[in-house]
Structure formats: structure tokens, C-alpha cells
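Presented below is the structure to which this report refers.
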Amino acid sequence: MSVVRSRNGKAFRMLDALGLDNLEETVYRQLVGAPSANLEELAEAAELDAYAVSAVLAALEGKGLVARASAGQDRYVASPPAVALGALLVQRQDELRRAQVEMTELAGLYRGSVARRDVADVVDVVHGTEAIAQRFAQLQYSARKCIQALQKPQAAVVTREDADEAERAAIERGVRHDIVLERSVFDTPGIYETIDSGLEIGIELRVVPTVPLRAFIVDREIALIPLMQGESATGGHSTVQDALLLHPSGLLDAIIALFDLIWASAPKLVATPEGTVETAADRLEPLDTKVLSLLLAGLTDASIGAQLGLSLRTVQRRVRQMMDRAQVDTRLQLGYEAGRRGWL
């Protein structure tokens with residue numbers, strides 16, 4: 001059976017996406033590799049009992065994946081994969097398109113209801129670790145642009161394996177991950193391996209002496225705030241029992257602003273041959289340093305682009321990003337902040 005295995009060892013069958021379960025895929029693959037076969041031959045090859053194979057064959061016939069051989073009613077042949085599986089693929093694609101349309105309509109209805117919410121409706125309380133883990137996973141898998149988090153120790157609501165899987169899936173979709181760690185997180189056993197793994201797949205990590213609260217922000221549109229209550233029975237650590245889900249509101253804006261403030265001054269973690277080290281949070285990338293130097297020398301954006309082989313839009317975007325990092329509104333202020341922060 002063909003599988004894809006993730007780094008955490010979890011296997012994914014290739015035909016899962018087309019709606020075939022484990023036994024159906026096993027029997028179908030046996031038939032694909034043979035001119036024809038009867039019930040007993042398939043049961044022996046698949047190491048299954050004949051009753052189970054009979055039920056699977058009936059299901060595969062219903063899906064158009066197998067047919068009775070013309071040589072005899074007791075023998076079966078596989079339908080051509082390009083035809084049979086292609087039809088299933090088209091069907092699944094149609095279902096996904098219909099689901100996308102429905103999701104868009106529901107999102108529109110949701111936005112309308114959000115606009116009519118009063119103050120008490122902008123916060124949902126999520127009770128219980130299982131419900132929190134489910135909501136966390138939903139948020140992670142729904143992310144489109146960015147995930148930002150403030151992380152303290154002893155606040156896990158999902159297993160490390162599930163978190164790794166969700167992070168990798170989001171990063172493969174192009175979702176940026178910016179995470180601030182409280183320094184006490186480094187006291188957690190095995191944390192350096194986790195940090196190195198995160199840096200390797202593209203997560204940007206920064207560290208500060210302490211963070212005021214735990215927060216998980218998705219696309220700067222919604223946030224999950226785990227709450228610590230009580231003491232665990234084993235290690236004496238606080239455990240997550242409840243969480244707040246913040247919808248668009250002034251409260252969510254405040255959490256986002258808090259994250260931005262902490263992020264701007266936090267040293268960045270980088271992987272080196274000697275191990276993971278912290279760097280100055282305000283250190284510019286080499287290309288930004290060149291752009292800023294030419295800007296302060298009086299060159300126009302177009303001239304800077306010509307000198308560095310960049311488009312005008314790229315120069316303007318990088319200057320805007322530096323202004324955002326410096327928390328200024330004008331290029332004159334950027335020059336002052338660049339000198340004060342030692343960027344040049």
C-alpha cells in the first residue's frame with residue numbers, strides 16, 4: 001500500500017482523498033496488479049478473510065472501481081485507474097467547489113452577524129481541554145496569511161505531534177509564523193530540539209524575559225487566549241481549562257497591538273553551527289541596510305531600484321516595512337530612528 005509518511009511518523013494513504021478506506025485500497029491495488037482474481041485469491045493476497053473481501057468488493061463495485069470478469073461471474077477485474085479514479089477525482093473536486101461556494105456564503109452571513117454583535121458577543125468562552133484543542137486545530141488549519149503567538153511554558157492544548165503537523169501544513173500553504181517565547185520556556189525538557197525543528201521549517205522565533213499572557217492570533221482577525229487554572233495532579237503545573245476566543249473588536253485590536261509591541265523589541269532566535277543563539281531584534285537584513293543607506297544618501301526609490309536591481313514596488317515595500325518596524329510615519333523619522341537604533 002502506497003503511503004506518505006510525515007516527519008512525526010504518521011502515515012497517510014494516497015487514496016484517502018478519494019474516499020477509499022484501508023481495506024478498499026488494499027483490495028483494489030491487488031486487482032490492479034493482476035489480470036483478474038477470484039474471492040479466494042484476493043483474500044489470500046490481502047491476508048484477509050473471504051467474508052471481509054466480499055464486502056469490500058461489493059463496495060468497490062458500487063464505486064465503479066471493479067467489475068465482474070467476462071470469463072466468469074466469480075472473477076473480478078479492476079477498472080482502469082485513469083478512468084475510475086479520474087471520475088472520483090472530478091467528483092471530489094466538484095464537491096470541494098460547492099463547499100467553497102457555501103463557505104463563502106456562510107462567511108458573508110457571519111460577517112453580517114459580527115457587525116451586529118454587542119460588547120458581550122465579541123468574546124466566546126471555550127470550556128475544557130478537548131474543546132480548546134479542537135478550536136486550536138481549526139484555527140491553525142484555517143490560517144491564510146499569518147499566525148502570531150505569545151507563548152509561556154506549560155500551556156500546551158494539543159500534542160507536539162499534532163502541532164508539528166498543523167504547523168507544517170500551514171507553512172506549506174505560505175502561512176507566516178511569528179512566535180514570541182517567554183525565556184522560562186527554555187527550562188522545558190527537549191525544548192531545544194523543538195526550537196531547532198521550528199527554525200528549520202521557517203518559523204520565526206523571538207524571546208523575551210516574560211510575556212504577560214498567552215495568545216494565538218490568526219490572520220490578525222481572531223485570537224485564542226488560553227487561561228491557566230488550578231494545579232495538575234502530577235507535576236504541580238497549571239493546566240489549561242478554559243480559553244477566550246476573541247472576535248474582531250477593540251479587545252482583539254489591543255491584543256494585536258500588544259503582540260506587535262513585544263515582537264518589535266524581542267531578540268530573534270537563529271540557528272548556527274554552534275547551536276541556537278539570540279540576535280538583536282532590530283538588526284536589518286543586508287538588503288534593507290543597502291536600501292536604507294541609499295535612501296539616506298538622497299537617492300529616489302527608482303534610483304535605488306536601479307542600483308540594486310530591484311523593482312520600484314519592491315523598494316517601496318521594503319522601506320514601508322522598515323518604517324513599520326521603527327513605528328514611524330515619515331521617511332524623515334525613519335532616518336532618525338535608524339541612527340538611534342544603530343541600523344547603519
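The values are calculated or read from the model by the stated rules, or taken from the named source; none is laboratory data. Treat the numbers as computed from the prediction; the structure is a model and nothing was measured. Backbone-built Cβ (ideal geometry, glycine too); neighbour counts: all protein chains shown. All accessible areas refer to the heavy atoms of the entire protein, side chains included, with ligands and DNA or RNA removed. Shrake-Rupley method; radii C 1.70, N 1.55, O 1.52, S 1.80 Å.
Look at (1) at pLDDT below 80; (2) open to solvent by 70 Å² or more (accessible area, probe 1.4 Å) and you find that residue 141 fails only one, number (1).
For the range 250-271, which positions are in contact with a Lys or Arg (Cβ under 7 Å, 6 or more places away or on another chain) and open to solvent by 50 Å² or more (accessible area, probe 1.4 Å)? Spell out the reasoning first.
Initially, the range 250-271 is screened for residues in contact with a Lys or Arg (Cβ under 7 Å, 6 or more places away or on another chain), giving 256, 263-264, 266-269.
268 - this is the single residue of the range 250-271 that is in contact with a Lys or Arg (Cβ under 7 Å, 6 or more places away or on another chain) and open to solvent by 50 Å² or more (accessible area, probe 1.4 Å).
Taking the stated definitions as given, is residue 220 basic (Lys, Arg), at pLDDT 90 or above and within 21 Å of the chain's Cα centre (by Cα)? Working first, answer last.
Numbers: basic (Lys, Arg): yes; at pLDDT 90 or above: yes; within 21 Å of the chain's Cα centre (by Cα): yes.
Criteria met by residue 220.
When the range 194-226 is filtered for residues that are part of a helix (DSSP H, G or I) and of a type in the set (Asp, Glu), the ones remaining, listed by number, are 196, 200.
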